[in-house]
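> Once you've had a glance at the structure underneath, I'll fire off some questions.
Coordinate-derived values only; no laboratory data. Just so it is clear, the structure is predicted and the values come from calculations on it, not from any experiment. Methodologically, a virtual Cβ is constructed for each residue, glycine included, from the backbone with ideal geometry; neighbour enumeration extends over all protein chains shown.
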Amino acid sequence: MAREIKIYDTTLRDGTQGEGVAFSMEDKVRIAQRLDALGVHYIEGGWPGSNPKDLRFFRRVQDAVFKTARISAFGATRRPGVRPPEDANLQALVEAGPPVVTIFGKSWDFHVTSALGTTLAENLNMIEDSVAYLLKHFEEVIYDAEHFFDGFKRNRAYALKTLLAAEGAGAHCLVLCDTNGGTLPHEIAAIIREVRDVVKPGTPLGIHTHNDAECGVANALAAVGEGIDHVQGTVNGYGERCGNANTISVIANVMLKLGLDCIPPENLRDLRDVSRFVSELANRKPWHSQPYVGDSAFAHKGGIHVSAVLKHPETYEHTDPSLVGNHRRVLVSELAGQSNILWKAREYGIDLDKNTPDARRILETLKRLEDEGFQFEGAEASFELLIERALGNDRAHFDLVGYRVIVEEENGEEEPVAEATVRLRVKGIAEHTAASGNGPVDALDRALRKALSDFYPSLAEMSLMDYKVRILDESKGTGARTRVLITSGDGNETWGTVGVADNIIEASWQALVDSIEYKLRRDDKAGRR
Ligand SMILES: [Zn+2]
């Protein structure tokens, strides 16, 4: 059997130290359940001594059943000069009452004298007393050696003494913390080897790293390489300053690269979902290029890459995306070679053989449009329409006869009013409709849908979700071309469309028309309406 690496996830405690990360109590309970289902070994729920919301969390999960994870509370060693039973922070931990407790103590002499304002000897007593006291109340006591690596570099002998104090008192695991995140992997490895020479053989060690030198995950792996089996981190690396070691990447690397046991293998493919779930609850945008689970992690753009990856994925992919619940994406761009087109076409169920006149025509159209400023990344619906039109499937659901938009401001007092008129031909019938809106594009959108709604009632399900404008060739100022990217959705699907023109109204119109045409073609194919 392979060595098993135990994951100690502190998203709910250290993760919430991250700028812009806040979880309600309900969020914390849901994340804990999700992490338990994933199969992590420990979940640090919070710091009950510093935050009443955290105490409520521990009450709330007291009777909950966790399959694999043990819940842990976090706190500091007792204050100088008091006995453990008189220390409010330790009492809050006991009151929180989970099976596991993690306390941190000072390893760096400078912090002891400057931050705690006590003597080096009293700090050792504080570590020893606190661990011994907590052992009476918890099944498992984990000791976090705060600033261990920085302390070790300044005063090696003292940093080691603090560890021995915790070990002597009976702590179940000594976690070496790179609290300021500035240590490099080779230093982590060298210092761990020195620690091993000093602690008893077999004393479990752990690692807690931060990402300030962008080595959070690398440092955790360096520690694993030195035989450490307890790794602390947070989902997506959320945490103070530049964050913590990213639990998601640690798990993937430990299992896929080091071949060690960690979470149940069948749960590995949940990594992307868990990452998304936590970013959703943290209300943070997913990180596109997040290793393993980001949208761009297996996205291919260059034509040569694409043709190679289609034949042999390992040419440009370090691992199989499906193993972590991700998937390969092929981007359409100015770099597109025929392979991208063929791949995209296949995705849309259009069969194009390489070097057929169809494939060549599509490629030429694409190059011409990209010259004009079109870009199809994020506008895959417009790209699909482009392919279909190039293949001769250009029967539109409506034809434009003309449109007009007026923006009017009266007396300079009220907000300007936009009114749009569209003239269409739909199923042989001439339609002439007007609508007003809170801007010219909104007015056009309303007029267009109003004209079409009787013919295509399913358009009521559709809405515009995002609208982006980019000025191309900015040096030309107002004479420059404008690209508009619209995201629409109907509850089943979201899609992007693009328009490019010398003026913003025309560019918006193109993207609006594509968006509606795409929706109607989708509904036809699905047999809806
Ligand atoms: Zn930390």
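> Val401 to Met25: extension gain in nm, 0.36 nm per residue of separation minus the Cα-Cα distance?
Fully extending the segment from Val401 to Met25 adds 129.7 nm.
> Would you mind calculating the gained length between Arg154 and Asp454 on full extension (0.36 nm times residue separation, minus the Cα-Cα distance), in nm to one decimal?
Stretched fully, the Arg154-Asp454 segment lengthens by 100.3 nm.
> Suppose R0 equals 51 Å. What FRET efficiency, 1/(1 + (r/R0)^6) with r the Cβ-Cβ distance, do Ala189 and Glu280 give to the nearest 0.05?
0.90
> In terms of the Cα gyration tensor, with a ≥ b ≥ c the square roots of its eigenvalues, is region 57-152 rounded because a/c is under 1.5, prolate because a/b exceeds b/c, or oblate?
Judged from the Cα gyration tensor, region 57-152 comes out prolate (a/c at least 1.5, a/b above b/c).
> A follow-up question, please. Charges at C-beta only: +1 for Lys and Arg, -1 for Asp and Glu. How large is the resulting dipole of the chain about its Cα centre, in Debye rounded to 20?
Roughly 980 debye for the chain.
> Same structure, new question: Take each of the peptides 380-392, 307-319, average the number of other beta-carbon atoms within 10 Å over its residues, and list them starting from the highest.
Ranked by mean Cβ neighbours within 10 Å, highest first: 380-392, 307-319.
> For the chain, build the charge dipole from Cβ charges (+1 Lys, Arg; -1 Asp, Glu) around the Cα centre, then report which of Ala115, Ser50, Val330 sits farthest towards its positive end.
Among Ala115, Ser50, Val330, the one farthest towards the positive end of the dipole of the chain is Val330.
> Past 19 Å, Cα to Cα, is the threshold; run Lys311/Lys367; Lys427/Lys450; Lys301/Lys367; Lys6/Lys106; Lys28/Lys106; Lys106/Lys153 against it and keep the listed order.
Lys311/Lys367; Lys6/Lys106; Lys28/Lys106
> Taking a ≥ b ≥ c as the square roots of the eigenvalues of the Cα gyration tensor of region 403-529, is the shape rounded (a/c under 1.5), prolate (a/b larger than b/c) or oblate?
Oblate, since a/c reaches 1.5 and b/c is not below a/b.
> Using modelled backbone amide H atoms (1.01 Å from N, in-plane), which distant-in-sequence or interchain residues come within less than 5 Å of His300's amide H?
Arg329, Val330, Leu331
> Taking Cα centroids, how far is region 238-309 from region 147-225 in Å?
Here the two parts' Cα centres lie 26 Å apart.
> Can you show me the helix-derived [θ] at 222 nm for the chain, built from DSSP H runs with n ≥ 4 at -39,500 (n - 2.57) apiece and divided by the number of residues, rounded to the nearest 500.
Theoretical 222 nm ellipticity from helices: -11500 deg cm²/dmol.
> For region 396-420 and region 60-126, what is the centre-to-centre distance using only Cα atoms, to the nearest Å?
About 66 Å separates the Cα centre of region 396-420 from the one of region 60-126.
> To continue, here is another question. Please report the relative contact order for region 129-285, taking Cα pairs under 8 Å with a sequence separation of at least 6, and give it as a percent rounded to a whole number.
17
> Multiplying the sequence separation of Glu214 and Leu391 by 0.36 nm and subtracting their Cα-Cα distance, what value in nm do you get?
Going from the current span to full extension adds 58.9 nm.
> Under a point spin-label approximation (7 Å from Cα along Cα-to-Cβ), what is the Arg368-Phe110 distance to one decimal in nm?
Roughly 6.7 nm, to one decimal.
> A further question follows. If I model a spin label as a point 7 Å beyond the Cα along the Cα-Cβ vector, how far apart are those points for Leu120 and Arg425 in nm?
9.2
> Going by the alpha-carbon gyration tensor, a ≥ b ≥ c the square roots of its eigenvalues, is region 1-160 rounded (a/c under 1.5) or, if a/c is not under 1.5, prolate (a/b greater than b/c) versus oblate?
prolate
> Tell me, what ³J(HN,Hα) does each residue in region 86-95 have, in order and in whole Hz, if you take phi through Karplus 6.51 cos²θ - 1.76 cosθ + 1.60 with θ = phi - 60° and put x for Gly and Pro?
9, 8, 4, 5, 5, 5, 5, 5, 4, 5
> For region 455-461, in order, what is each residue's ³J(HN,Hα) by Karplus, 6.51 cos²θ - 1.76 cosθ + 1.60 with θ = phi - 60°, in whole Hz (x at glycine and Pro)?
7, 10, x, 5, 5, 5, 6
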